[in-house]
Amino acid sequence: MTTISPAPAPKTQHSNDPLHLIDVDHVQFYVGNAKQAAFFYAHCFGFQIEQVADLTTGMRDAAHYLLTQGNIRFILTSGLSPEHPSNMEVAMFGDGVKDIAFTVFDAEKAWERAVRNGAQSAYEPRTYRDQHGTVTMAGIRTFGRVCHSFVSRTGAYELTTVKQGGTFKPKFRKLEGGGAACAPAVGCGPQSGISSVLAINEQNRRNPCGLRYVDHLVGNVEMGKMNHWVRFYENVLEFSMFKHFDDKDISTEYSALMSKVMSSGNNLIKIPINEPAEGKKKSQVQEYLDWHCNTPGVQHLALRTDDELQSIAALRARGVDFLTLPDAYYDQVWNRVNGTLKSHGHPEVKEDHRRIHDLGILVDADDEGYLLQLFTKPLQDRPTLFFEIICRRGSQSFGKGNFKALFEALELEQERRGNL
Ligand code: FE2
């Protein structure tokens, strides 16, 4: 069994800044069938299906599944009636990311500050409470269908306790560990579905994929709107610009995009914002928008690992589909990457070069070090959300040296879909 280093320690020191982000509390997906999606992410990506809030726990409008791995928490949500907002959004956009939620010291104060800074409210502060503690949440809208919730927690619902297996929120129930939830009297026999969850959770514990936390997430917005959303993150969430790339950096013969990377003050999270740029053929960002009701949304989540080769080997063995680059990529890559590292006084890429090639992993270097990365194909039938699996060895960049080869590979996929 591989040992992975713990997720970054949360910054628990109290801050007077209401927009001090303590952690990525969770990422919520709206999906067509949360029960089935939970098994997809568990089987293919090694997540634990840890807790559920559904009809059996007193929820009447929606079912929510908490999936965890390292310091990553996904909430998969499906509405139980046609009127539920998640069902309406799934009809428009397909499965995808609805909310990137941040843990803060005081959700109401964070929300008030963001609204005073110019944010549009998604929902007003609300507190879920029981005898064990409270979870207060309030949300603001960001690009397109996406929102940011602020979450503050007390008592047994503190995030440090949740990370150790504590209940996520009132009305959530753990799906593993036996005890009352699995006693035959409450219907948790082999037919209930609980035992299959226990089996996959146990299998994933024995065969981890090594994913630790959300490194960055990328928003796709309409042409001409990138700077609007850059100002939003600067003004509303008090982020700053980390890097920017124009269409000269990110273009092929046929298609292009522009990107600016926004970063929270404490570097907890980076959010690159992409917009399409004019090219001979359709930008990948425009393809996303075309299949997302011309509405901005999250294009990819980058999940961080400490061991790219182990993670990619594990994910490939589970059947995850990754973008394939032509063999010619590897004719150039070692000269390029190791040359850059040498010129900045860094040691060469330490991972086995042959295995990197065999696993189809991409490598890039800059003045600070190198990174290993690989991108999945879309996670649903629409060419919208995908994941990146990333390992950083000093580099804090995004793989600029891979952009051209990558976008040519993406164009092949676009062409296969009839979308170029
Ligand atoms: Fe990325």
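The values are calculated or read from the model by the stated rules, or taken from the named source; none is laboratory data. No experiment lies behind these values; they were computed from the predicted model shown. Note: ideal-geometry Cβ built from the backbone for every residue, glycine included; neighbour counts use all protein chains shown. When the accessible area is computed, the model is the full protein with side chains, heavy atoms only, and any ligands, DNA or RNA have been set aside. Shrake-Rupley method; radii C 1.70, N 1.55, O 1.52, S 1.80 Å.
Measuring with a 1.4 angstrom probe and ignoring ligands and nucleic acids, Lys243 comes out at about 70 Å² accessible. Of all DSSP bridge pairs formed entirely within the chain, close to 80 percent run antiparallel. With contacts taken as Cα pairs under 8 Å and at least 6 residues apart, the range 23-175 reaches a relative contact order of 24 percent.
Given their separation in residues at 0.36 nm each and the Cα-Cα distance between them, Met92 and Glu408 gain 110.9 nm when the chain is fully extended.
For Asp215, the amide hydrogen comes within under 5 Å of the amide hydrogens of Ala302, Leu303, Arg304, counting only partners 5 or more places away or on other chains and with H modelled in the peptide plane. Report in % the part of the accessible area of the range 23-175 that belongs to carbon and sulfur, leaving out ligands and nucleic acids; probe 1.4 Å. Within the range 23-175, the accessible surface is 50 percent carbon and sulfur. Adding -39500 (n - 2.57) for every DSSP H run of four residues or longer, then dividing by how many residues the chain holds, sets the calculated 222 nm ellipticity at -8000 deg cm²/dmol. Angle between the Cα long axis of helix 308-317 and the longest principal axis of the chain, 0 to 90 degrees, nearest 10? Roughly 70 degrees between the two axes. Sequence-ordered 3J(HN,Hα) estimates for the range 369-381 from the Karplus curve with 6.51, -1.76 and 1.60 and θ = phi - 60° stand at x, 10, 9, 10, 8, 7, 10, 6, 6, x, 8, 9, 5 Hz, glycine and proline given as x. Does anyone have the angle between helix 107-116 and the longest principal axis of the chain? Alpha-carbon axes, 0 to 90°, nearest 10? Tilt of helix 107-116: around 50 degrees.
Protein heavy-atom accessible surface, 1.4 Å probe, per residue over the chain: 43 Å².
Using 0.36 nm per residue and subtracting the Cα-Cα separation, the extra length available between Gln131 and His84 on full extension is 14.1 nm. The relative contact order of the chain, computed from alpha carbon pairs under 8 Å that lie at least 6 residues apart in sequence, is 14 percent. With each label modelled as a point 7 angstrom along the Cα→C-beta vector, the Lys163-His357 pair spans 4.0 nm. Under 5 Å between amide hydrogens, built in the peptide plane, is the criterion, and for Gly165 it picks out nothing among residues at least 5 positions away or on other chains. Residue separation of Glu368 and Ser195 scaled by 0.36 nm, minus their Cα-Cα distance, works out to 57.6 nm of gained length.
For Tyr370, nonlocal amide neighbours, meaning residues 5 or more places apart or on other chains whose placed amide H falls under 5 Å from its own, are Arg393, Gly394, Ser395.
Relative contact order of the range 211-417, taken over Cα pairs closer than 8 Å and 6 or more residues apart, is 22 percent.
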